[in-house]
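First comes the structure, then the notes that go with it.
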Amino acid sequence: MAEAEGGSDKAGASVGGGVESLKDKGNEHFKAGNYLKAAALYTQAIKQDPNNPTLYSNRAAAFLQLVKLSKALADAETTIKLNPQWEKGYFRKGCILEAMEQYDDALAAFQTALQYNSQSTEVSRKIKRISQLARDKKRAQEVEKMRSNVDMARQLDKLKSEMSGKRGSEECWEDMFSFLVETMETAIKSWHETSKVEARVYFLLDKEKTDTEKYAPAVNIDKAFESPHTHGSCFSFLRQYAEDSFSRAACLVTPKSIMSYPQVWKGQGSRKWKHGQHDGFFVQFETPFQRKLWFIPSSSELGQTLCRDPEDLDIGAHELIPRLFKQYNS
């Protein structure tokens, strides 16, 4: 906690009992937590002795406690100007910049303070603390950037090249690719905001053939992974739904946490799971000519949920459901 400076030291000599009395009364109020009264008394003293750095240093400490940070910083700068070799001015400045979360500038101020008083354990502790805060702030900014800049099109660029060589017109595969990107980005944003996704299969319906009053573009499958029986029933329903709705592609999204069957991360041999114990969710992409499967792991960074890059899985070893569409060769 900041403390107000006491009697007249080398930082600035007092001029007369009036200033000293005002400063002492200000210090008493500061120690009692009456920072507004303390600041007022320091102001009265400054009027009598405008070149006393201790008074500005003390008022800076009071303003800092009152969260009047601009005024506090101005007083710290004046303290430094009046006595550039007194470490207290730089210490005050560092504390105020810390409160402003300007950690790089705060660190510079504390390092200057240490130059003028290399024995100060208080300043050394501050440097250690601010260095950590600066690292945390930088990492928090990186995490927020990763959370807000979800770009699955870039992540799936290799798949886009693969799809362009498969069966179907350019418009056809581009529609499917856009459908996949949008589905995955929506799921990732949902996970970032709520730490969950709904277990659903999304369908790319045919604009001309699908009866949209009968067939919705998404089907909830929250019970599908409870047992072999529910899994088999759900798959049969989804395959028929895909056919009857004239769907061109489908994308299954499910959180790992709800899956009792099949637990695809517990296989052995070629089915052995290689992606750790992270929480996260699966995305299985189905088309008549291509099938893909990803696991998107999740972690917590500085209290924020963060999806990691999608892990490409061997769908033959880890499929969540069997093939939905009749297979067309390239």
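The values are calculated or read from the model by the stated rules, or taken from the named source; none is laboratory data. Note that the structure is a prediction, hence the values are computed from the model and not measured. In this analysis, Cβ positions are derived from the backbone assuming ideal geometry, glycine residues included, and neighbour counts consider all displayed protein chains. All accessible areas refer to the heavy atoms of the entire protein, side chains included, with ligands and DNA or RNA removed. Shrake-Rupley method; radii C 1.70, N 1.55, O 1.52, S 1.80 Å.
Residues that are without any contact (Cβ under 8 Å) to a residue 60 or more places away in the chain, in a strand (DSSP E or B) and either assigned by the TED database to the domain that holds Tyr202 or touching a strand residue (DSSP E or B) at 6+ places or on another chain (Cβ under 6 Å) (or both) do occur in the range 298-307. Kindly evaluate Tyr90 against the criterion of being closer than 27 Å to Asp136 by Cα, in the same structural domain as Lys137 (by the TED database), crowded, with 20+ Cβ neighbours inside 10 Å and at pLDDT below 95. So Tyr90 fails the test. Being free of Cβ contacts under 8 Å to residues at least 12 places away in the same chain, assigned by the TED database to the domain that holds Thr287 and more than 24 Å from Ile258 (Cα to Cα): is that true of Lys207 here? For Lys207, the condition - free of Cβ contacts under 8 Å to residues at least 12 places away in the same chain, assigned by the TED database to the domain that holds Thr287 and more than 24 Å from Ile258 (Cα to Cα) - is met.
For every residue, the table says whether it meets (1) open to solvent by less than 70 Å² (accessible area, probe 1.4 Å); (2) among the charged types (D, E, K, R).
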{"site": "Ala153", "(1), (2)": "yes, no"}
{"site": "Leu156", "(1), (2)": "yes, no"}
{"site": "Met163", "(1), (2)": "yes, no"}
{"site": "Glu182", "(1), (2)": "no, yes"}
{"site": "Thr194", "(1), (2)": "no, no"}
{"site": "Glu198", "(1), (2)": "no, yes"}
{"site": "Ser227", "(1), (2)": "yes, no"}
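Are any of the residues in the range 52-66 open to solvent by less than 60 Å² (accessible area, probe 1.4 Å), of a type outside the set (D, E, K, R), closer than 24 Å to Asp136 by Cα and modelled with pLDDT of 95 or more? Checked the range 52-66: at least one residue is open to solvent by less than 60 Å² (accessible area, probe 1.4 Å), of a type outside the set (D, E, K, R), closer than 24 Å to Asp136 by Cα and modelled with pLDDT of 95 or more.
Quick test for you: out of Asp211, Asp244, Asp206, Asp175, pick the one residue that is open to solvent by 20 Å² or more (accessible area, probe 1.4 Å), among the charged types (D, E, K, R) and within 30 Å of Arg147 (Cβ to Cβ). Selected residue: Asp175, the only one of Asp211, Asp244, Asp206, Asp175 that is open to solvent by 20 Å² or more (accessible area, probe 1.4 Å), among the charged types (D, E, K, R) and within 30 Å of Arg147 (Cβ to Cβ).
Does Ser124 count as out of contact with any Cys (no Cβ under 7 Å at 6 or more places or on another chain) and not assigned by the TED database to the domain that holds Leu205? So Ser124 fits the description; yes. Determine whether the range 267-276 contains at least one residue that is closer than 28 Å to Asn149 by Cα, of a type outside the set (Gly, Ala, Ser) and touching a strand residue (DSSP E or B) at 6+ places or on another chain (Cβ under 9 Å). Yes, that holds for at least one residue.
From the residues in the range 294-330 that are within 23 Å of Thr194 (Cα to Cα) and in contact with a Phe, Trp or Tyr (Cβ under 8 Å, 6 or more places away or on another chain), which one is most open to solvent (accessible area, probe 1.4 Å)? In this case the residue turns out to be Glu311. Taking the range 67-78 as the search range and keeping residues that are surrounded by 24 or more Cβ atoms within 10 Å (Cβ to Cβ) and of a type in the set (A, V, I, L, M, F, W, C), which one is nearest to the chain's Cα centre (by Cα)? The extreme case among them is Ala72. The set of residues in the range 184-227 that are hydroxyl-bearing (Ser, Thr, Tyr) and assigned to a loop (DSSP other than H, G, I, E, B) comprises Ser195, Thr210, Thr212, Tyr215, Ser227. Of all residues in the range 57-88, those that are in contact with a Leu (Cβ under 8 Å, 6 or more places away or on another chain) and under 16 Å from Ser120 (Cβ atoms) total 1. Ile188 meets the conditions (1) more than 30 Å from Pro50 (Cα to Cα); (2) not assigned by the TED database to the domain that holds Leu306 in every case but one. The failed one is (2). Applying the criterion of being in a helix (DSSP H, G or I) and of a type outside the set (S, T, N, Q) to the residues of the range 247-278, the residue that is most open to solvent (accessible area, probe 1.4 Å) is Lys266. Here the condition is being in the same structural domain as Leu302 (by the TED database), under 24 Å from Leu302 (Cα atoms), in contact (Cβ under 8 Å) with a residue 12 or more places away in the chain and not acidic (Asp, Glu); of Val197, Val181, Val201, it holds for Val197 alone. Residues of the range 214-223 that are crowded, with 16+ Cβ neighbours inside 10 Å and closer than 12 Å to Val253 by Cα: Val219, Ile221.
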